[in-house]
1. Of V210, V271, V229, which residue is more than 20 Å from I42 (Cα to Cα) and modelled with pLDDT of 75 or more?
2. Can you pull out every residue in region 98-135 that is of a type in the set (S, T, N, Q) and assigned to a helix (DSSP H, G or I)?
3. Could you look through region 133-149, keep only residues that are free of Cβ contacts under 8 Å to residues at least 24 places away in the same chain and more than 22 Å from L245 (Cβ to Cβ), and pick out the one that is nearest to the chain's Cα centre (by Cα)?
4. Inside region 136-156, can you point out the residues that are assigned to a strand (DSSP E or B) and either under 17 Å from G169 (Cα atoms) or β-branched (V, I, T) (or both)?
5. Within region 160-180, can one find any residue that is farther than 28 Å from R236 by Cβ and outside any loop (DSSP other than H, G, I, E, B)?
6. Does region 41-58 contain at least one residue that is at pLDDT below 70, assigned to a loop (DSSP other than H, G, I, E, B) and surrounded by 19 or more Cβ atoms within 10 Å (Cβ to Cβ)?
7. Just a yes or no: is a residue in region 200-212 more than 30 Å from L14 (Cα to Cα), surrounded by 13 or more Cβ atoms within 10 Å (Cβ to Cβ) and not aromatic (F, W, Y)?
8. Which number in (1) over 15 Å from S213 (Cα atoms); (2) at pLDDT 65 or above; (3) buried (at least 19 other Cβ atoms within 10 Å of the Cβ); (4) touching a strand residue (DSSP E or B) at 6+ places or on another chain (Cβ under 7 Å) marks the one condition that H15 misses?
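The values are calculated or read from the model by the stated rules, or taken from the named source; none is laboratory data. Computed from a predicted model, the values in this text were never measured in an experiment. No Cβ is skipped: glycine too gets one built from the backbone with ideal geometry, and neighbour counts run over all protein chains shown.
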Amino acid sequence: MKSDVFYWVLNLSLHGSLVCVLIWLLRLLRPIPRRVIYALWIAPALRLTLPFAPSLPWSFMGLLRQLGARTVTLPGGDRIHTTNVIQAADSYFPITYKTDSLQGLFETCALIWAIGAAACLLTMAVLYGMTRAELRDAKSLRPGVWVSEKVVSPGLVGILRPKILVPPGMEGQLLDYVEAHERIHRRRLDNLWRCLALGICCLHWFNPAVWFSLKLFFADMELSCDEAVIRRLPPRERKAYATALLSVAAGRDLFVSAFGGAKLRVRIERVLSYRRLTLGAALACAALTGAVLVVLASG
């Protein structure tokens with residue numbers, strides 16, 4: 001049974017990596033707003049977790065089928081299938097491998113994969129518990145904002161009822177910018193998406209492309225949050241917001257949406273060069289987002 005699960009996980013990992021690479025390339029197109037790129041990360045997340053998808057002839061998976069990749073159809077549904085990258089089995093429900101040596105190989109790899117995934121999940125659970133422990137001695141500074149001597153950088157801590165946590169001495173306009181930034185993280189449920197992304201990485205712990213994509217996803221999370229803040233600020237305050245980024249140390253916690261958690265040089269450049277989209281450009285970006293998600297996430 002473990003070898004069957006690992007077979008589909010490996011297939012998902014190889015296919016999902018291709019979708020991740022496409023997102024990497026789209027990130028290089030500077031005119032695309034970072035909030036659009038942030039939304040597009042849904043596509044690789046789906047491809048890395050869902051083995052089957054509705055079939056569309058003009059989808060990314062449809063292109064792979066035309067290039068020769070074999071298709072595996074879900075029993076009882078000829079419109080629901082997946083592209084089979086590995087092609088190491090003769091039948092799939094249950095999986096029957098082509099040779100006994102292949103079966104033995106997948107059984108061994110499945111055991112290693114299961115141990116690695118369990119170790120990753122346990123490590124993440126311990127780290128999350130340590131992060132939550134930082135809130136125990138925190139004191140309320142203002143509604144929704146807490147101060148703790150255990151933190152050096154402000155961030156949003158928690159998943160179900162997240163709190164904004166700041167170090168001592170933070171006040172005035174800097175605190176206002178931090179609160180505006182973290183409230184956007186809270187409204188978008190970014191800490192939940194962080195945990196789900198980390199869970200996907202635990203599932204695909206053997207794939208370096210997935211871990212690299214996690215780093216880019218976290219960066220896009222912060223950059224898109226910056227965009228959301230400066231859209232609400234008058235142009236004269238953008239430099240002050242950039243200065244606030246410089247004055248805060250970069251956050252390093254996996255489970256915290258930190259005010260200074262991405263490359264500061266990139267964030268400051270984007271803050272200072274931000275241009276509000278026209279209505280036509282905004283509609284075009286929305287159409288692009290929807291089209292790319294359908295093409296990449298469908299079968």
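1. V229
2. S101, Q103, T108, T123, T131 - these are the residues of region 98-135 that are of a type in the set (S, T, N, Q) and assigned to a helix (DSSP H, G or I).
3. A133
4. Residues satisfying the conditions are K139, S140, L141, R142, V145, W146, V147, G155.
5. Yes, region 160-180 contains a residue that is farther than 28 Å from R236 by Cβ and outside any loop (DSSP other than H, G, I, E, B).
6. Yes, there is a match, as at least one residue in region 41-58 is at pLDDT below 70, assigned to a loop (DSSP other than H, G, I, E, B) and surrounded by 19 or more Cβ atoms within 10 Å (Cβ to Cβ).
7. Within region 200-212, not a single residue is more than 30 Å from L14 (Cα to Cα), surrounded by 13 or more Cβ atoms within 10 Å (Cβ to Cβ) and not aromatic (F, W, Y).
8. Going through (1) over 15 Å from S213 (Cα atoms); (2) at pLDDT 65 or above; (3) buried (at least 19 other Cβ atoms within 10 Å of the Cβ); (4) touching a strand residue (DSSP E or B) at 6+ places or on another chain (Cβ under 7 Å) one by one, H15 breaks only (1).
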